There are 2 protein chains.
Amino acid sequence: MKNAIFLDNAATTRTDPEVIDAMEPWLSEKFGSPATLYSMGSQAKQAIDAARQSFADLIGADQKDIFFTSGATESNNWAIKGVADALESKGRHIITDVAEHHSILMPLRYLEKKGWEVTYLPTDSDGMVNPEAVAAAIRDDTVLVSIVHANHEIGTIQPIAAIGKITSEKGVVFHVNAAQTVGHIPVDVNHLGVDLLSSSAHKFYGPKGVGAMYIRHGVRITPLLHGGTQEKKRRAGTHNVPGIVGMGKASEIARHSLEAEATRLAGLRNHILDWVESNIDDIRINGHRTERLPGNVNFSIEGIEGESIMLSLSYPTAGDARPIYVSTGSACVSGSLEPSHILLALGMPAELAHGSVRITMAKADTQEDVDYALEAIAAVAERLRSMSPVYKRGNKKCSAGSSSQGCDCEAAS
Amino acid sequence: MKNAIFLDNAATTRTDPEVIDAMEPWLSEKFGSPATLYSMGSQAKQAIDAARQSFADLIGADQKDIFFTSGATESNNWAIKGVADALESKGRHIITDVAEHHSILMPLRYLEKKGWEVTYLPTDSDGMVNPEAVAAAIRDDTVLVSIVHANHEIGTIQPIAAIGKITSEKGVVFHVNAAQTVGHIPVDVNHLGVDLLSSSAHKFYGPKGVGAMYIRHGVRITPLLHGGTQEKKRRAGTHNVPGIVGMGKASEIARHSLEAEATRLAGLRNHILDWVESNIDDIRINGHRTERLPGNVNFSIEGIEGESIMLSLSYPTAGDARPIYVSTGSACVSGSLEPSHILLALGMPAELAHGSVRITMAKADTQEDVDYALEAIAAVAERLRSMSPVYKRGNKKCSAGSSSQGCDCEAAS
């Protein structure tokens with residue numbers, strides 16, 4: 001895919017070449033299992049311990065509290081089912097919000113079938129959870145609060161530190177899915193006041209198939225994978241040594257480059273937000289305008305399908321055009337044609353949710369790429385709208401914070 | 001580790017260079033997530049589907065019945081907890097045997113704490129399970145039988161097809177942990193009559209961090225990882241594309257080379273068995289003499305510690321000696337100094353269990369390497385015995401099938 005512009009980095013990122021270099025010896029000649037006592041094994045064990053320290057440093061944690069997994073989905077399942085199992089005798093109530101990732105919502109639905117009660121807090125129209133609502137929802141039988149750090153679709157960053165203060169005061173375990181934030185914005189488990197934190201390497205230039213869970217010392221949680229004594233008997237299975245080493249390297253790189261890169265991406269993000277508002281009629285910005293992932297832009301284009309935009313951009317008809325990869329809805333559910341459950345949870349009508357475009361940038365994306373993509377998006381939107389039987393130009397522009405009452409977004413549908 | 005002789009291939013194998021080559025593009029430029037609809041995503045999806053077909057071909061399965069996981073430990077946990085969850089209303093009884101891997105035993109112990117009943121069938125002194133004992137143990141409330149295909153420590157191959165006939169007739173779900181057999185001896189899910197089969201890529205020259213589960217069409221099993229729609233909603237989480245592609249390549253290579261390699265390794269194995277019996281006094285061969293993994297040798301050397309042998313071989317004192325990596329007990333529990341639960345389950349006294357040496361060979365190991373290792377083992381045993389306060393030469397030799405009554409193995413301790 002020569003010259004392609006990849007703007008779907010919330011789904012996955014390109015593994016950093018330095019990360020691949022770091023992994024390489026552990027894929028080939030240094031193949032020993034860290035569970036073995038001879039020198040090949042102890043070398044692998046040292047490499048894992050170094051990666052653990054590197055990841056711990058990235059999130060301000062003690063390395064003893066880091067446990068490697070196969071990714072954020074495993075970590076999220078472990079957090080929810082593991083705490084539920086360990087604390088069942090205390091109570092069977094969990095608090096989350098309506099705009100969580102499926103790897104949070106689906107384990108919770110599973111628990112509901114087992115008789116657990118789950119409170120799904122609403123968000124405001126920007127996708128923000130109110131910490132006071134968390135406080136009000138906590139009951140004597142609440143054993144877990146799970147709130148995402150930043151939404152993978154609309155980029156809204158939640159007031160985690162404020163929620164962490166509440167859960168800490170009330171003595172309720174607090175889990176945060178930080179798959180979208182670790183390596184992209186500062187994450188400090190103590191500042192945030194979290195007890196459990198999920199992360200995935202491939203979201204920040206590490207390899208796929210490896211992730212981690214932070215478990216604050218003293219938090220009770222049943223293993224999801226029982227078996228050997230790996231990870232202090234909390235997560236069994238032969239270590240994915242190359243993957244873990246890669247996650248360690250990605251953590252080290254992120255720790256040094258994160259701040260400057262976040263500033264650069266936030267500049268690009270704001271540029272896109274301004275540009276689409278000025279150059280495309282009848283759009284709505286989804287997610288919070290400022291409390292937002294640096295690399296995330298999400299907007300709905302009235303009268304057309306996000307899927308159509310996405311496919312038109314990725315398979316351009318002009319021979320010399322560059323393919324552009326953006327997303328609509330969640331990468332985990334595309335393939336289904338249902339509108340994003342997150343946009344619906346924000347109170348958006350299904351028609352507008354269907355028209356959402358998500359642009360998520362990463363370190364390879366330049367101002368030039370972004371400008372190329374913006375012109376292409378505007379041209380595709382124009383073309384698709386010209387064919388649309390429903391779209392009429394000149395509806396009132398929908399922007400962040402506008403309620404569905406005060407906005408004509410629905411008028412065209 | 002130049003010139004090292006790696007004889008611990010049941011713990012992990014060296015990833016085949018062809019496998020690494022196949023993975024490489026998916027680690028770097030082809031980094032798209034297969035859950036996405038644009039061309040980078042569909043390329044990744046095609047690569048995963050090809051790997052699925054390749055693995056299915058290796059085990060005689062329909063590709064629709066293959067589900068990728070993070071390894072055999074996840075697959076084993078999934079099989080046990082997933083079937084238990086799905087069939088709980090039918091009954092709460094599971095059958096296994098005493099010599100299983102910890103990734104089977106520990107999930108079962110977890111279920112026992114929840115009120116499940118588990119029957120642990122005994123094995124004979126070679127570690128073999130009697131199919132008739134399985135038949136006799138099945139009750140109306142039995143929902144699962146889980147028996148390993150071949151023991152990771154002593155190499156004994158179980159009569160899976162005979163057991164599969166019984167479970168099939170009785171309508172009980174049959175799970176087989178095939179981590180040690182897939183890619184090493186012929187495995188055919190229909191011939192074996194299994195409903196669920198676990199496997200791990202790194203056990204047959206694939207990468208660490210990826211495995212699979214075969215789930216026969218129609219078998220009810222609850223997901224272990226809930227979330228996105230990956231793997232037909234049965235195993236959520238962004239696909240480990242490079243890992244899965246590597247597993248597919250390893251499967252393809254194994255399918256073509258397995259038979260000749262199994263024959264070669266069985267020859268080496270028999271050579272070792274004969275050699276140690278002829279050249280080292282007072283040893284006992286552990287596991288079945290013929291119904292045994294081609295690359296596996298396990299014996300106990302009376303009067304000395306396996307740990308001492310292992311460390312002496314891996315850190316040789318002579319400057320020009322080649323390091324040799326063998327195992328004692330399970331790789332998953334070494335680091336603890338407890339004797340192998342498997343050898344104890346066979347009725348072996350703890351002293352002899354402590355003296356076990358496991359040699360597990362793979363395609364890189366030559367006759368020359370093996371002969372070098374044998375001389376070194378004999379020399380180390382001689383040296384350690386000369387320092388032993390308990391060992392007295394001339395005890396009756398302990399061999400396969402000798403009971404502890406008919407053998408003086410215990411006399412020295």
### Query
Taking only the alpha carbons of the range B:17-254, what extent do you get along each of the three principal axes, in Å, biggest first?
55, 35, 28
### For chain A: rounded, prolate or oblate by the Cα gyration tensor [a/c cutoff 1.5]
oblate
## Note on the structure
Looks like the range A:113-206, by Cα gyration tensor root eigenvalues a ≥ b ≥ c and the a/c under 1.5 rounded cutoff (else prolate when a/b is bigger than b/c, oblate otherwise), is prolate
#### Entry: Lys/Arg +1, Asp/Glu -1 at C-beta; the protein assembly as shown dipole; positive extreme among A:107, B:376, B:328
A:107
### Task
Pop out the ³J(HN,Hα) list for the range B:87-94 in order, Karplus 6.51 cos²θ - 1.76 cosθ + 1.60 with θ = phi - 60°, rounded to Hz; leave Gly and Pro as x.
10, 3, 5, 7, x, 10, 10, 10
### Summary
By the mean-Cβ-within-10 Å protection proxy, highest first, B:353-366, A:338-351 rank as B:353-366, A:338-351
### Summary
Output ordering of B:170-177, A:308-315, B:267-274 (per-residue mean of other Cβ within 10 Å, highest first) is B:170-177, A:308-315, B:267-274
## Note on the structure
Long-range amide H partners of residue B:119, meaning residues 5 or more apart or on another chain whose placed amide H is closer than 5 Å, are B:94, B:95, B:96
### Query
Restricting to lysine pairs 8 or more places apart or on different chains, what number in the range A:74-173 have Cα atoms under 25 Å apart?
9
### Task
Give the long-range amide H neighbours of residue B:222: residues separated by 5 or more places, or on another chain, with amide H under 5 Å away, using H modelled in the peptide plane at 1.01 Å from N.
B:83, B:85, B:86
### Task
Show that you can apply the helix-only estimate: for the protein assembly as shown, add -39,500 (n - 2.57) for every DSSP H stretch of four or more residues, divide by all residues, and state [θ] at 222 nm to the nearest 500.
-12500 deg cm²/dmol
### Query
By DSSP, what percent of the beta bridges with both residues in the protein assembly as shown are antiparallel, rounded to the nearest 5?
50
### Message
Using only the alpha-carbon atoms, how far is helix B:39-58 inclined from the longest principal axis of chain B? Give it as 0 to 90 degrees, nearest 10.
### Response
50
### Query
Separation of the range A:211-282 and the range B:211-278 by C-alpha centroid, Å?
29
### Task
Over the whole of B:74-82, what's the average partner chain Cβ count within 10 Å per residue? Rounded to a whole number, please.
3
### Query
Taking only C-alpha pairs under 8 Å that are 6+ residues apart, what is the relative contact order of chain A in percent?
22
### Query
Averaged over peptide B:5-12, how many Cβ atoms belonging to another chain are found within 10 Å of each residue's Cβ?
4
### Whole-Hz ³J(HN,Hα) from phi, Karplus 6.51 cos²θ - 1.76 cosθ + 1.60, for the range B:268-276, glycine and proline x
4, 4, 5, 4, 5, 4, 5, 5, 5
### Query
Near residue A:211, within a Cβ-to-Cβ distance under 12 Å, what is the net charge of the other residues, with Lys and Arg +1 and Asp and Glu -1?
+2
#### Entry: Vicinal HN-Hα couplings computed from phi for the range A:289-297 (Karplus, 6.51 cos²θ - 1.76 cosθ + 1.60; Hz; Gly/Pro x)
5, 10, 7, 8, 3, x, x, 9, 10
#### Entry: Built amide H within the under 5 Å cut-off of residue A:156, gap 5+
A:151, A:288, A:293
### Summary
Under the 7 Å Cα-to-Cβ spin-label approximation, residue B:28 and residue A:388 lie apart by a distance in nanometres of 4.2
### Query
Put a dot 7 Å past each Cα toward the Cβ at residue A:89 and residue A:344; how far apart are the dots in nm?
4.0
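Every number here is computed from the coordinates shown, using simple stated rules; none is lab data. None of the values given here were measured: they were computed from a predicted structure. Cβ sites come from the backbone with ideal geometry, for glycine too, and all protein chains shown count toward neighbours.
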